[in-house]
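Engineer: Handing you a structure now.
The values are calculated or read from the model by the stated rules, or taken from the named source; none is laboratory data. Note that the coordinates shown come from a computational prediction; the quantities given were computed from them, not determined experimentally. Heads up, the Cβs are rebuilt from the backbone with ideal geometry, glycines too, and the neighbour counts pull from every protein chain shown. SASA here: full protein model, heavy atoms, side chains in, ligands and nucleic acids out. Shrake-Rupley method; radii C 1.70, N 1.55, O 1.52, S 1.80 Å.
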Amino acid sequence: MARDDRDRITHIEERLSVPPVVGEPTTVEQLEMLADLYVQADSYLPALELIDRILALPEARGLSPARRAALGSKAIACRLAGGDANAALAQARELLVTVNDDLDGAALSVRVQLQCFEALFCLSRYDDAKVSADRALAVAERVGEVRLIAPSLTALGRVAQRLGDTLRARDLFEEAFALYRRLGDEPACAVLRNNLGLLHKNLCEWDTAIAHLRGALEIQRRLGRLAESSMPLMNLGIVYQKLGDWDRALEYYREAEQVALQISQPLMLARVAIGMGNIARFRHRYSEAETLLLGALSRARSCEAVREEVLALEFLGELEYDRDGAERALARYHEALPLAERIAPEGDLVVELERRRAEALLLLGRFDEAEAASERAGRLARRIDDRLEHAVTHRTAGAIAEARGDREGALHSWRIAAKLLTDCRERLELAKTLRMLGRGVHDSQEARRLLYRASALYAELGADAELEECEQDLVHVMAPAAAAPNSAHATGLGRRHRAPSLFASSPGMKRAESLARRAAATELSVLVTGETGTGKELVARTIHALSTRAQRPFLAVNCGALRADLALSQLFGHRKGAFTGAHAEGVGLVEAAHGGTLFLDEVGELPHDVQVTLLRFLETGEYLRLGDTQVRRADVRIIAATNRELRGVEGEKLFRRDLIYRLNEIEIRLPTLRERCEDIVPLARHFLVFYGGLEGARLSAESEAVLRSYAWPGNVRELENVMKRIAAMYGREGEISSEDMLPFLEPGACGNVAPPAADRAATERADILRAFESCGGNRSRAAELLGVSRKTLYARLKRLHIDLE
């Protein structure tokens, strides 16, 4: 509440506590002014009490019918804002009997009809709500008042959206939006933008939806309309939940909850609880989800909000399904479906419930019923243009086909679902679909690629249980490869690599690996940044190997090694006689890599004229050989890498800004080895086994401590080189001590390395405590991280007098 409003409320309350002075405003006027201020401050209960008090005053008997009706309309608005839709509906209907819809009373008549609409809409009585909106529009058009036509169109758009007529809803919203903009009515524009955001959400046009909802929220906040800000907050939570950004969704839900608590909006609290309950369910926090959803169900029933009741029942059914209770899930769906059909026989809720029924029936082996429910869901989804559900019903149809033994039919449906869900950019349902495809396809390489993509999506979502199941599927798919002689040493790594040749234990490297897998599923250009030796080419090869281009060429070139006068020729080729020494046609790297991937290492070293040509190629796919006039095309994915900062004033002096934007459609930053200390020892062991064999030399605890404390200026490349030399020099001589290790390390980078005997106990103690902290006190995991057995760990705890209790 603004300070001026608080002061005015205090002043009027003080004036009302003393007898009025002759010539000053009457008590009715003061009370109405105070009620208006309470409404502005979102204090609806005291405002409603004041209006009831006004209407009961003896002076109120002398008020005109129009004035009494206007006060009644204000009372209805307070009841609606407080969530009492039934009381608001009853009062609105009483008031409509007394209001004339002639020229003088048209504005009030439309206002009350729309309040009647709002109450019916909250009660999910959409057909009745449409009747009220039609009546309001008829009165507004008869008097030709734009300010009355616009809200009537908005109301009709909302009910059309709920009834599944998306195209008509969009037309009505856009017509109303144009009228409000012409009138300069910002609050109404905010409401329209919220409605348009919801509409685009249903069409899976997420960016447009977010833009509209954020615009609505910004207007409501700027105008100080606290109550109205709860709806765009809630809807932003829904959009981010659909996008799989659950943390951000929770932030918006909590903001909406705070607003609802502050102004006492029980229906909004029910909606928020449904959203938060769903996220808890996704994260397998089932008790929390059940508490939230049951609370939402109770609130929805107390408000007689049928749509919210249906949603709560639907997601309680999903909760039972996730708990492997298909029968209990089906009972919830059967309870919700008649309610959904009553409020909108072909609406979005019926689509969702029929699809979920199909999944539960399939689990119970009732295939014919499952197929009928799935077909109805798909038919309705297409009719109302619910793109997400349309995609998911294809996945359900695929599961039914698989259960009936039609493997090819299942794969066909799943491929359609995967394509549609990719277009929708919905990550959780896409991950589920990719996993089904990965388990169903015959080709092991395709299966691995699909399962890698699914596991990457699960990792992004933080869906740990699903990620673990997907990892098990990958283990099963890769089982034959694991038995091959060349990979026998991999068992010594402890944790299986989740992407070819990439080792990722640290959070920073896991993020890079996840981005690499995601990039592999796209055709976007990639810029890999990081210090020398961090593994930039390895990331590029990983992206290529996991992409659809894996069977085509992968060519790498160090741009720093290209001669300035020949760089264009080396990249794009040349015509015979184009320059001295060009005795034949020359094929460039771009042409040679057609269909595959071209890796431009140290791209920041490219000459300026080559940057211009490369930019043109990235934008059009077209290029000219040096000295030629024939335009050629090549289908090449470009992955670039640099250890320089290309942005900023200094970088842009040498590298074109527009080329940076084209190259870094996806940017992957690789951490230095000193930033990923937890990877040092596992990587060292891996390289030692790789170059020395399983029977080769091993690292002692002291030498591992030296490795961890070394600065590694050359990063992973230096570590690999050190381990290769140790494997060659020490062969099968058992453990490598710290004294053996030190000669292989640069003296200038060994400032942090303690002499072999100095502070060894302190270093060992610090390593153990750090391991316990990283593992949350779990002794088995700490022993694994330290590379020792539990028995050895206990002996060291005793020797170093470390008490962990």
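Engineer: Quickly run through the stretch 147-161 and pick out the residues that are modelled with pLDDT of 90 or more and surrounded by fewer than 22 Cβ atoms within 10 Å (Cβ to Cβ).
Structural biologist: Answer for the stretch 147-161, where residues must be modelled with pLDDT of 90 or more and surrounded by fewer than 22 Cβ atoms within 10 Å (Cβ to Cβ): just I149.
Engineer: I would also like to ask the following. Return the residues of the stretch 338-350 that are over 29 Å from the mean Cα position of the chain (by Cα) and either more than 15 Å from A305 (Cα to Cα) or small (G, A, S) (or both); say none if nothing qualifies.
Structural biologist: A344, P345
The rows are residues; the columns are (1) open to solvent by less than 70 Å² (accessible area, probe 1.4 Å); (2) not in a helix (DSSP H, G or I).
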position	(1), (2)
Q570	no, no
F579	yes, yes
H583	no, yes
G604	yes, no
D628	yes, yes
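Engineer: Would you mind stating whether A711 is closer than 20 Å to L670 by Cα and either in contact with a helix residue (DSSP H, G or I) (Cβ under 9 Å, 6 or more places away or on another chain) or modelled with pLDDT of 85 or more (or both)?
Structural biologist: yes
Engineer: OK, next. Just to verify a result, which residue in the stretch 64-86, among those that are farther than 20 Å from L37 by Cα and open to solvent by 30 Å² or more (accessible area, probe 1.4 Å), is farthest from the chain's Cα centre (by Cα)?
Structural biologist: S64
Engineer: How do the pairs read when you match residues in the stretch 536-553 that are touching a residue at least 24 places away in the same chain (Cβ under 8 Å) with residues anywhere that are of a type in the set (S, T, N, Q) and buried (at least 18 other Cβ atoms within 10 Å of the Cβ), using Cβ under 6 Å and keeping only pairs 6 or more apart or on different chains?
Structural biologist: Once the first residue is touching a residue at least 24 places away in the same chain (Cβ under 8 Å) and sits in the stretch 536-553, its partners that are of a type in the set (S, T, N, Q) and buried (at least 18 other Cβ atoms within 10 Å of the Cβ) give H544/T597; R549/T597.
Engineer: Something else: Show the residue pairs meeting these rules: Cβ distance below 6 Å; 6+ apart or different chains; first residue within the stretch 171-191 and hydrophobic (A, V, I, L, M, F, W, C); second residue assigned to a helix (DSSP H, G or I) and loosely packed, with under 14 Cβ neighbours inside 10 Å.
Structural biologist: L179/V146
Engineer: Any residue in the stretch 413-429 that is assigned by the TED database to the domain that holds E523 sitting within a Cβ distance under 6 Å of a residue that is assigned to a helix (DSSP H, G or I) and open to solvent by less than 20 Å² (accessible area, probe 1.4 Å)? List the pairs, counting only those 6 or more apart or interchain.
Structural biologist: Qualifying pairs under 6 Å: none.
Engineer: While we're on this one: Among residues belonging to the stretch 294-323 that are more than 22 Å from the chain's Cα centre (by Cα) and within 24 Å of L461 (Cβ to Cβ), point out the one that is most open to solvent (accessible area, probe 1.4 Å).
Structural biologist: Selected residue: R323.
Engineer: Is it the case that G692 is surrounded by 18 or more Cβ atoms within 10 Å (Cβ to Cβ), modelled with pLDDT under 85 and over 17 Å from T534 (Cβ atoms)?
Structural biologist: yes
Engineer: Continuing with this model, one more query. Based on what the data block shows, is E678 at pLDDT 85 or above and in a helix (DSSP H, G or I)?
Structural biologist: No, not satisfied.
Engineer: Working carefully through the options A326, A360, A336, find the one that is surrounded by fewer than 24 Cβ atoms within 10 Å (Cβ to Cβ) and either among the small types (G, A, S) or not assigned by the TED database to the domain that holds A391 (or both).
Structural biologist: A326
Engineer: Kindly establish whether A358 is under 28 Å from the mean Cα position of the chain (by Cα), at negative phi and in contact (Cβ under 8 Å) with a residue 40 or more places away in the chain.
Structural biologist: yes
Engineer: Still on this structure, I have one more. Scan the stretch 270-280 and tell me whether some residue there is within 21 Å of N86 (Cα to Cα), open to solvent by 10 Å² or more (accessible area, probe 1.4 Å) and of a type outside the set (G, A, S).
Structural biologist: Yes.
Engineer: Starting from residues that are among the hydrophobic types (A, V, I, L, M, F, W, C) and farther than 20 Å from A418 by Cβ, keep the ones in the stretch 363-392 and report whichever is surrounded by the fewest Cβ atoms within 10 Å (Cβ to Cβ).
Structural biologist: L364
Engineer: Testing V112 on (1) within 30 Å of R299 (Cβ to Cβ); (2) within 35 Å of the chain's Cα centre (by Cα); (3) touching a residue at least 40 places away in the same chain (Cβ under 8 Å), one condition comes back false. Which one is that?
Structural biologist: (2)
Engineer: Can I ask one more? Just name the residue that is nearest to T534 (Cα to Cα) out of those in the stretch 695-719 that are assigned to a helix (DSSP H, G or I), hydrophobic (A, V, I, L, M, F, W, C) and without any contact (Cβ under 8 Å) to a residue 60 or more places away in the chain.
Structural biologist: Only one residue fits best here, namely L719.
Engineer: Pairs under 7 Å by beta carbon, first residue farther than 20 Å from A340 by Cβ in the stretch 365-379, partner surrounded by fewer than 19 Cβ atoms within 10 Å (Cβ to Cβ), six or more apart or different chains?
Structural biologist: F367/A403; F367/R404
Engineer: In the stretch 526-559, what count of residues is obtained for those that are open to solvent by 30 Å² or more (accessible area, probe 1.4 Å) and basic (K, R)?
Structural biologist: The total comes to 2.
Engineer: Moving on to the next point. Name the single residue that is farthest from S569 (Cα to Cα) among those in the stretch 631-651 being at pLDDT 85 or above and open to solvent by 50 Å² or more (accessible area, probe 1.4 Å).
Structural biologist: N643
Engineer: Of everything in the stretch 212-263, what is open to solvent by 30 Å² or more (accessible area, probe 1.4 Å) and either touching a strand residue (DSSP E or B) at 6+ places or on another chain (Cβ under 7 Å) or of a type in the set (A, V, I, L, M) (or both)? Give them in sequence order.
Structural biologist: Those that are open to solvent by 30 Å² or more (accessible area, probe 1.4 Å) and either touching a strand residue (DSSP E or B) at 6+ places or on another chain (Cβ under 7 Å) or of a type in the set (A, V, I, L, M) (or both): L223, L226, M231, I238, L261.
Engineer: Those residues that are touching a helix residue (DSSP H, G or I) at 6+ places or on another chain (Cβ under 6 Å) and not in a helix (DSSP H, G or I), I need them from the stretch 283-303; list them, please.
Structural biologist: H284, C303
Engineer: For D443, indicate whether it is within 26 Å of Q551 (Cα to Cα) and touching a residue at least 40 places away in the same chain (Cβ under 8 Å).
Structural biologist: Criteria not met by D443.
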